Amino acid sequence: AESLAPMISFVLAQAGLVPADLSAVAVDVGPGLFTGMRVGIATADAMAWALEIPVVGVCSLDALALDAGTGDRTVAVALDARRGEVYWALHRPSVAGGEPVRIVEPRVSSPEDLAVHLADRAEDVTCAGTGFLRHAEVLSAPWMDVLGPPHSAPSAGAVVRIAAHRVAVDATVPAGGVEPIYLRAPDAEINWRTRRESR
């Protein structure tokens, strides 16, 4: 929260722009770490309100798939969700240079469940994300091409490219209209529930 606004100012200055030059604000809406998502979305909403411009929320898994996808192979993306789980989805690369096409919607599960799902598909898969790196002992097979950095996390560039595509087709929302993608309860809520159940 302390560094985000100065970082935005720095990026604008490097691009030779001022806030009034912006036509929309793009923001990663998760799944991801809850605090980071809330800070990012609140900042995007504040900028959009102040500048009277729309917002585009981009799923982190879609952004990761955009950078990782090539050809016509299925792209499996997984981010480490902690607690022994991964956030994941499956995509096909876009043939028209737009957004990757989801073939399995974002979900959260154990790495083992993801491994079974991928094995059941019986196809070569390009894999990217911290989930594959963190759980390499489970998420590795000869038919899985696991990409390393820089394909371990969604990039700001991919978020912007997806957002630009949506702005072009008028798929934006007003400030306050972006919904975060929460695939499970916050860690604080899980910890509180675990403590209460152990009494």
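The values are calculated or read from the model by the stated rules, or taken from the named source; none is laboratory data. This is a predicted model, so every value here is computed, not measured. Glycine also receives a Cβ, built like all others from the backbone with ideal geometry; neighbour counts cover every protein chain displayed. Only protein heavy atoms, including side chains, enter the accessible area calculation; ligands, DNA and RNA are left aside. Shrake-Rupley method; radii C 1.70, N 1.55, O 1.52, S 1.80 Å.
Given the protein chains as shown and a 1.4 Å probe, how many square angstrom of residue 143 are accessible, to the nearest 10?
Number for this one is 70 Å².
Using all C-alpha to C-alpha distances in the chain, build P(r) with 5 Å bins and read off the rounded percent in each one.
Over the chain, the share of Cα pairs per 5 Å bin runs 1, 8, 14, 18, 18, 15, 12, 8, 4, 2, 0, 0 percent.
What does DSSP give for the chain in terms of the percent of beta bridges that are antiparallel, rounded to the nearest 5?
Numbers: 14 of 25 bridges.
Here the antiparallel bridges make up roughly 55 percent for the chain.
Which order do 83, 102 take by accessible area at a 1.4 Å probe, largest first? Intermediate values should be presented prior to the final figure.
Details: 83 115, 102 80 Å².
I get 83, 102, largest accessible area first.
What relative contact order, as a whole-number percentage, does the range 30-83 give when Cα pairs under 8 Å and 6 or more residues apart are counted?
39
Excluding residue 166 itself, calculate the net charge of residues whose Cβ lies under 13 Å from the Cβ of residue 166, where each Lys or Arg counts +1 and each Asp or Glu counts -1.
-2
Per the helix-only calculation at 222 nm, which mean residue ellipticity applies to the chain, given -39500 (n - 2.57) for every DSSP H run of n ≥ 4 and division by its residues, nearest 500 deg cm²/dmol?
For the chain, the value works out to -12000 deg cm²/dmol.
What accessible area per residue, rounded to a whole number of Å², is obtained for the chain using a probe radius of 1.4 Å?
Accessible area per residue: 54 Å².
What's the ranking of 106-113, 26-33 by average number of surrounding C-beta atoms within 10 Å, highest first?
26-33, 106-113
Please report, as a whole percent, how much of the solvent-accessible surface of the range 108-152 comes from carbon and sulfur atoms (probe radius 1.4 Å).
C and S atoms contribute 54 percent here.
Less than 13 Å Cβ to Cβ from residue 25, Lys/Arg counted +1 and Asp/Glu -1: what total charge do the surrounding residues give? Walk me through the intermediate numbers first.
Working: positive: 166; negative: 21, 28, 45, 52.
It works out to a net charge of -3.
Would you tally the net charge around residue 43, using a Cβ to Cβ cut-off of less than 15 Å, leaving residue 43 out, and scoring K and R as +1, D and E as -1?
Surrounding charge for residue 43 is -2.
Could you let me know the centre-to-centre spacing of the range 127-157 and the range 85-102, using Cα atoms, in angstrom?
With the range 127-157 and the range 85-102 each reduced to a Cα centre, they are spaced 14 Å.
So for the chain, averaging the separation of alpha carbon pairs under 8 Å that are six or more residues apart and normalising by length, what relative contact order in percent results?
Dividing the mean separation by the residue count of the chain yields 24 percent.
What residue among 56, 11, 138 shows peak mean-square fluctuation when the chain is described by a Gaussian network model with Cα springs under 10 Å?
For the chain, modelled as a Gaussian network with Cα springs under 10 Å, the answer is 11.
In the full protein assembly as shown, how much of residue 95 is accessible to a 1.4 Å probe, in Å² to the nearest 10?
The value for residue 95 is about 150 Å².
Stokes-Einstein diffusion coefficient for the range 123-188 at 10 °C in a medium of 1.306 mPa s, Rh from the Kirkwood formula over Cα pairs: what value in µm²/s?
Values: Rh = 15.0 Å.
Result for D is 106 µm²/s.
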